[in-house]
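Some notes on the structure that comes next.
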Amino acid sequence: MPSSIRTLRALTPRAAIAVGVAVVITLLAVGAPVVTAAIGVDPYTYHPETLGPDSAPAGAFGGISADHWFGVEPLSGRDLFAIVVYGARTSLLVGVASAVLTMVAVLVIGLTAGYFGGWIDRLVSAIINVLFGFPALLFMIALGAVVPPDASRLALVIAVMTVFGWAGGARVIRSQTMTLRERDFVRYARATGASTWHILTREVLPNLRGTAIVFLTLYVPAFIGTEAALSFLGVGVPAPTPSWGRSIGDSINWVQTDPWYLLFPGAALVLITLAINEIGETLRQRLSTPTLRSVA
């Protein structure tokens, strides 16, 4: 039996549901143009005919109909299903890209500081202490307010979250690397003349794989939530790019007259966050006891 099938069968019901939710949302995000085109909607076309005199959706439940599965957006009449699906692309792109870049920084900095020690370790520790005391969210808000809302804003959001996101993970990786470098199999590799690159990549790094995977699954929902918060505050991904956070922020003004506008982007954000957190918790439990061995 293939190992992937055995792994799926070994999942708890909650973990299996979480994997299913994450896969469905990811597939919808990746295939957003195809999905929305198949049902004849897009997130940019205005439908004023779906709005009432007060600019709220004219139909019941936020304008839900056969043509608009999640209803329409107040003021513009844009299809809310298309906005949510395309917003998943934005949120997952920011979350996954920031998480991967942050994890690369965590491993490089943590491994370097933990293995070499000395002034490198002291410098990294000082930078980590500064980042822990720095008001990162306030800096992101201030930076987002002065940067023009163009296509570069998305790259800026990813870059800023990476810069401020690596400190905690790097401290853990540094600590584990300091322990691993004193293990017998690392000492043996060093004594036999193995290069530093070989020791770091073939002896130390494989034993940090479990920790890295867990951190990665924790970073993704954290960064998705941060992007949503920044978009909610109006300094995240620029309009008209669909974003769950901006939709949630806009819906606050309509929650009394059109609560359905808040329901769908809010539910999507909660579902993907809970799903990835559950996957991360499952991995943490399974990988909490690393196997210390040489892979040379």
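Across the chain, Cα pairs under 8 Å and at least six residues apart give a relative contact order of 24 percent.
In a Gaussian network model over the chain where Cα atoms closer than 10 Å are linked, find which of L138, L111, L274 has the largest mean-square fluctuation. Per the Cα network of the chain with a 10 Å cutoff, L138 tops the list.
Once both labels are positioned 7 Å from their Cα atoms along Cα-to-Cβ, the gap between A16 and A267 label points is 2.3 nm.
Can you tell me which of V163, V255, V146 moves the most in a GNM of the chain? Springs connect C-alpha atoms under 10 Å apart. Highest fluctuation among the options: V146.
Projected onto planes of every orientation and averaged, the convex hull of the alpha-carbon atoms in the chain covers 19.1 nm².
Can you sort E203, E182, E281 from fewest to most other Cβ atoms within 10 Å of each residue's own Cβ? Please report the intermediate quantities before stating the final value.
Numbers: E203 23, E182 8, E281 16.
Listing E203, E182, E281 from fewest to most nearby Cβ atoms yields E182, E281, E203.
Comparing G225, G169, G118 in a Gaussian network model of the chain, where Cα atoms under 10 Å apart are tied by springs, the biggest mean-square fluctuation is seen for G118.
Relative to the longest principal axis of the Cα atoms of the chain, the long axis of helix 13-30 makes an angle of roughly 70 degrees. Evaluated with a Cβ-only charge set (Lys, Arg +1; Asp, Glu -1), region 13-286 carries a dipole of roughly 1540 debye about its Cα centre, given to the nearest 20. Relative to the longest principal axis of the Cα atoms of the chain, the long axis of helix 118-133 makes an angle of roughly 30 degrees.
Stretched out fully, how many nm does the piece from V34 to W197 gain, at 0.36 nm a residue minus the Cα gap? Could the numbers behind the result be given before it?
Details: separation 163, 0.36 × 163 = 58.68 nm, distance 4.47 nm.
Result for the pair: 54.2 nm of gain on full extension.
Note on R183 and L75: their simple-model spin labels are 5.6 nm apart, each label 7 Å out from Cα toward Cβ. Could you state the angle between the C-alpha long axis of helix 136-146 and the longest principal axis of the C-alpha atoms of the chain, as a value from 0 to 90 degrees rounded to the nearest 10? Once rounded, one gets 50 degrees.
Each reported figure results from applying straightforward, stated rules to the coordinates on display, with no laboratory input. Small disclaimer: the values here were computed from a predicted structure and weren't measured. Methodologically, a virtual Cβ is constructed for each residue, glycine included, from the backbone with ideal geometry; neighbour enumeration extends over all protein chains shown.
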